[in-house]
Each structure stands twice: as C-alpha cells, then as structure tokens.
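Visitor: One structure, pasted below without further comment.
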Amino acid sequence: MKNKRVLISGASIAGPALGYWLQRYGFEVTIVELAPISRIGGYKIDIRGKAVEVVKKMGIYDKARQLSIVMLSGTFLDEKGRTIDEIAGEYMGMHVGDDIELWREDLSRVLYDATSKCCEYIFGNSIKSVTENNDEIAVEFVSGQSRQFDILVGADGVHSNVRSLVFGDESLFSHNLGDYFVAICSVKTKLKLDRHEIFYSKRDKLFNIYCTRAGEDAKALFVFRAPGLTYDYKNVKQQKEIVSRIYSDAEWEIPHMLKAMNQSSDVYFDEVKQIRMEKWFKDRTIVIGDAAFSPCLASGQGTGLALVGAYVLAGELMLMDGDYTNAFAEYEREMRPFVGVNQKLGELIIEHMVPKAKVEPWIGASILDQIQFAANNIHLKDYL
C-alpha cells in the first residue's frame with residue numbers, strides 16, 4: 001500500500017476513531033494531541049443511528065453501553081420558575097433502539113483504549129508548520145521535532161489548528177446561526193437532580209442543569225442569544241461576566257447558579273456556530289469531524305458525524321489503496337448529503353431551544369423524528 005504514514009491532529013473522538021480503522025487496514029498512524037492526556041471533561045454526547053452501526057463494527061459498543069447515562073425525567077420551567085411540562089426519561093435523550101448517551105470523556109477513553117497499542121500517540125504537543133511537496137508532508141511540531149508523513153488529517157475540533165495552517169483563517173469557515181452563545185460548567189447545587197434534568201427558559205435565553213448520578217456535581221449550560229456580542233476566547237473572567245450580565249434578569253434559581261458558575265474552574269464558553277467548507281481536503285491534507293463540518297452542539301449529532309466520517313474516510317483510503325486524491329473525493333461525495341441534513345437539524349433545534357417570544361417545551365415527537373432521520377441518512381458501505 002502507498003501513502004501509509006498518516007498523522008492525525010486531535011485525540012478526542014474523530015481522531016482515535018479514524019486511527020482505529022486506518023491501523024486495521026494496514027496504515028501507520030500517529031495521533032498528536034495538545035492536551036497532556038486523553039481528552040477529559042465535556043458533556044453528554046449521543047451515539048445514534050448509523051453511528052451505532054459504526055461502534056458495533058469497532059467492537060466497542062458493549063463497553064460504551066456499560067458507561068451509558070440513563071436519565072429518569074426532565075422538567076421544563078417558565079421564566080418565573082413554574083413547571084410547564086414534565087417529560088419521562090425515555091424521551092429526554094430522544095433515543096431509539098440501540099442509541100446510547102454517555103459522557104464525552106468516557107467515549108474518548110474507550111477509543112483511546114482501543115487504539116493506544118496500535119497507534120502512536122504524542123500528547124502535550126501540536127503542529128507548528130506544514131510543508132508539502134510532491135512526495136510527502138513535512139511537519140514541524142511545537143516541540144521542535146520535524147517528521148515526514150504521507151497524509152495529514154485535522155480532527156482537532158471547531159478551532160482546528162490544521163485547518164488554519166492549511167486552509168485559512170477560521171473566519172472563512174465559521175457560520176453564525178443567529179448570534180447564539182453557550183457557557184458550560186460544573187456546578188455545586190442543592191437541587192435534587194439525581195438523573196433529572198431541568199430546563200429554565202426566558203426570552204433569548206435557556207438554562208439547563210442535570211446530574212447523572214447522586215452525589216456528583218451538576219453540569220450547567222447557559223445558552224443565549226446576544227446580537228453583536230464580542231469576547232476574548234481566552235479570557236474566562238470576561239466570559240463569566242458576560243453570562244452574569246445576560247442572566248441578571250432571570251428568576252428561579254438562576255442567581256444561585258450564576259454564583260456557582262463564577263466559582264467553577266471548568267467554564268467552556270463559545271459561539272454556537274457551524275463550520276462550513278466548500279471542500280474538506282487540499283492536496284495531502286483533509287479535515288474531519290467538527291474541524292470540517294461541525295453541526296453545532298444543539299444538533300446532538302457532532303459525535304455521530306465524527307464516528308461515521310472516520311469510518312468512511314478510512315474505508316475509502318483502504319479501497320483506493322492509499323490513493324488519497326480519489327479517496328478524499330469519494331469520501332466527500334459519500335458524506336456531503338449526510339452532513340447537510342445534520343447541519344440543517346442543528347439550525348432547527350437551536351431555534352427551538354432558545355425562545356424568542358413565548359416559552360414552550362421543545363422536546364417532542366416532531367423533533368425526535370427529525371433527529372432520527374438525520375442520524376440515519378447515509379448508507380454505509382461494508383469496507384471489510
């Protein structure tokens with residue numbers, strides 16, 4: 001096989017999943033990750049539809065299912081904190097059949113365990129520069145080391161370093177969904193939330209809090225609309241101040257939640273956006289997962305797209321015997337319609353989640369049908 005040496009940037013979901021399939025097909029895989037260890041933290045993620053088929057093919061479905069989260073119920077509140085709807089646990093995750101929900105760090109750990117002995121991992125490092133010639137890619141790492149590879153894959157998320165180095169600035173591919181922003185953090189609370197979820201809504205803002213088992217910290221999400229908002233991506237203090245200001249008129253338990261958020265050490269803040277690219281590859285470099293086509297967290301399909309995309313890309317490279325030019329093109333042809341449907345889903349759900357006028361429950365049969373349609377809207381080839 002030609003072009004066997006593959007460097008993947010990113011060790012969260014898409015990167016290790018791609019590494020698993022590539023090494024299985026005979027490629028030599030190196031995965032570089034800026035974090036010092038396998039990715040930890042994050043929030044609940046979903047494996048639905050065709051992504052379930054992929055993890056079953058990988059032989060990790062049972063292990064992932066053992067780590068699954070089972071929520072018992074959910075409550076929707078209006079801006080005064082009054083209950084407007086109660087939802088049973090089986091509807092909360094909007095799952096069907098073998099779909100599962102688990103913590104992102106748990107899935108990342110399962111993928112790492114499945115690949116750590118067959119893929120080379122480089123933690124605490126990242127790519128500084130990329131130079132391509134006719135025969136290979138020369139990569140210089142931040143550590144100062146230089147190495148050569150045949151193929152480079154950016155699986156390094158919405159703020160992809162590989163995409164910036166090879167394709168251009170993030171602003172060229174960032175698609176605003178309507179001036180929505182999100183803050184996610186762990187909080188301590190006296191609310192009784194053992195496997196229970198609460199949604200509090202007020203015009204242009206949503207607060208969501210849940211706990212997946214008794215005794216652990218809760219996870220809080222602030223999702224809001226703020227036209228014209230600017231912020232420093234690295235300034236957490238400023239981000240906390242923005243959330244506190246935006247939610248200063250909210251009632252119920254929100255004042256207590258803001259205090260808890262300000263005391264939290266793991267606040268993640270970002271714009272709710274999608275990544276849209278006219279082409280996902282350039283010469284020997286390709287981007288996958290959120291780096292190429294983030295559908296936004298509201299869709300619940302980022303993990304599914306990452307897992308399916310990894311399966312398809314590796315399969316096409318194997319079928320083409322390492323001919324990356326034709327493999328990349330076929331991968332894009334297979335994935336474009338699937339990505340399109342899921343990005344439309346993300347646009348739809350964020351509009352439902354954050355009320356612009358009347359506060360109403362947004363989880364229902366119609367949304368469930370659309371999620372399942374999007375999650376299953378691709379035919380997977382049997383590459384083995």
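The values are calculated or read from the model by the stated rules, or taken from the named source; none is laboratory data. The structure displayed is predicted, hence computed values, not measured ones. Cβ placement follows ideal geometry from the backbone for every residue including glycine, while neighbour counts extend to all protein chains displayed. Note: accessible area is taken over every heavy atom of the protein model, side chains too, but ligands, DNA and RNA are not part of it. Shrake-Rupley method; radii C 1.70, N 1.55, O 1.52, S 1.80 Å.
Visitor: If TYR247, TYR324 are ordered by their accessible area, calculated over protein heavy atoms with a 1.4 Å probe, which sequence runs from highest to lowest? Before the final figure, lay out each step's value.
Guide: Details: TYR247 5, TYR324 35 Å².
Descending order: TYR324, TYR247.
Visitor: Given H placed 1.01 Å from N in the peptide plane, which residues other than close sequence neighbours of GLU28 have an amide H under 5 Å from its amide H?
Guide: ARG5, VAL6
Visitor: Still on this structure: Taking 0.36 nm per residue of sequence separation and subtracting the Cα-Cα distance, how much length would be gained by fully extending the chain between ALA88 and LEU191, in nm to one decimal?
Guide: Details: separation 103, 0.36 × 103 = 37.08 nm, distance 1.85 nm.
Additional length available on full extension: 35.2 nm.
Visitor: To test your reading of the geometry: what angle, between 0 and 90 degrees and rounded to tens, separates the Cα axis of helix 254-263 from the longest principal axis of the chain?
Guide: 40 degrees
Visitor: Among the aspartates and glutamates, which have Cα under 20 Å from the Cα of LYS63 when same-chain residues fewer than 8 positions away are ignored?
Guide: List returned: ASP46, GLU53, ASP98, ASP99, GLU101, GLU105, ASP106, ASP113.
Visitor: Ranking request for peptides 103-110, 228-235, 3-10, 184-191: highest mean number of other beta-carbon atoms within 10 Å first, then the rest in descending order. Each step should come with its number before you reach the end.
Guide: Numbers: 103-110: 20.0, 228-235: 9.9, 3-10: 24.1, 184-191: 16.8.
Taking the mean over residues of other Cβ atoms within 10 Å, the ranking is 3-10, 103-110, 184-191, 228-235.
Visitor: Mind checking which of GLY26, ILE100, GLY74 is farthest towards the positive end of the chain's charge dipole, using Cβ charges of +1 (Lys, Arg) and -1 (Asp, Glu) about the Cα centre?
Guide: Working it through, the farthest residue towards the positive pole turns out to be GLY74.
Visitor: Quick check for me: using +1 on Lys/Arg Cβ and -1 on Asp/Glu Cβ, what's the dipole size of the stretch 17-113 about its Cα centre, in debye to the nearest 20?
Guide: Using only the charged Cβ atoms, the result is roughly 280 debye.
Visitor: What angle, in degrees between 0 and 90 and rounded to the nearest 10, separates the Cα long axis of helix 104-115 from the longest principal axis of the Cα atoms of the chain?
Guide: Tilt of helix 104-115: around 20 degrees.
Visitor: Follow-up. How high is the FRET efficiency from HIS256 to GLN66, r the C-beta distance, R0 41 Å, rounded to 0.05? Please report the intermediate quantities before stating the final value.
Guide: Working: r = 34 Å, r/R0 = 0.84.
E(calc), rounded to 0.05, equals 0.75.
Visitor: If you count only protein heavy atoms with a 1.4 Å probe, what accessible area per residue comes out for the chain, rounded to a whole Å²? Walk me through the intermediate numbers first.
Guide: Working: 16370 Å² over 384 residues.
About 43 Å² of surface per residue is accessible.
Visitor: Given the -39500 (n - 2.57) contribution per DSSP H run of 4+ residues, what per-residue ellipticity at 222 nm results for the chain, rounded to the nearest 500 deg cm²/dmol? Mind dumping the intermediate values first?
Guide: On the way: 12 runs with 133 residues, N = 384.
Calculated at 222 nm, the ellipticity per residue is -10500 deg cm²/dmol.
Visitor: Roughly what would the spin-label model give for GLU216 and ASN326, points 7 Å off Cα along C-beta, in nm?
Guide: 4.7 nm
Visitor: Right, something else. Roughly how many nanometres apart are two label points built 7 Å out from the Cα toward the Cβ at PHE123 and ASP98?
Guide: My value for the distance between the label points is 3.1 nm.
Visitor: Please give the length that would be gained between SER265 and LYS4 if that part of the chain were fully extended, namely 0.36 nm times their separation in residues minus their C-alpha to C-alpha distance (nm, one decimal). Intermediate values should be presented prior to the final figure.
Guide: Numbers: separation 261, 0.36 × 261 = 93.96 nm, distance 4.16 nm.
So the chain would gain 89.8 nm between SER265 and LYS4.
Visitor: Taking the 0 to 90 degree range and rounding to the nearest ten, how far is the long axis of helix 365-375 tilted relative to the main principal axis of the chain, both from C-alpha atoms?
Guide: Value to nearest ten degrees: 10.
Visitor: Continuing with this model, one more query. How much of the accessible area of the chain, probe 1.4 Å, is carbon plus sulfur, in whole percent? Before the final figure, lay out the partial values.
Guide: Numbers: 7770 of 16370 Å².
Carbon and sulfur together cover 47 percent of it.
Visitor: Report the local net charge at PHE173: Lys and Arg +1, Asp and Glu -1, summed over other residues whose C-beta lies under 12 Å from its C-beta.
Guide: Within the 12 Å Cβ shell, the charges total 0.
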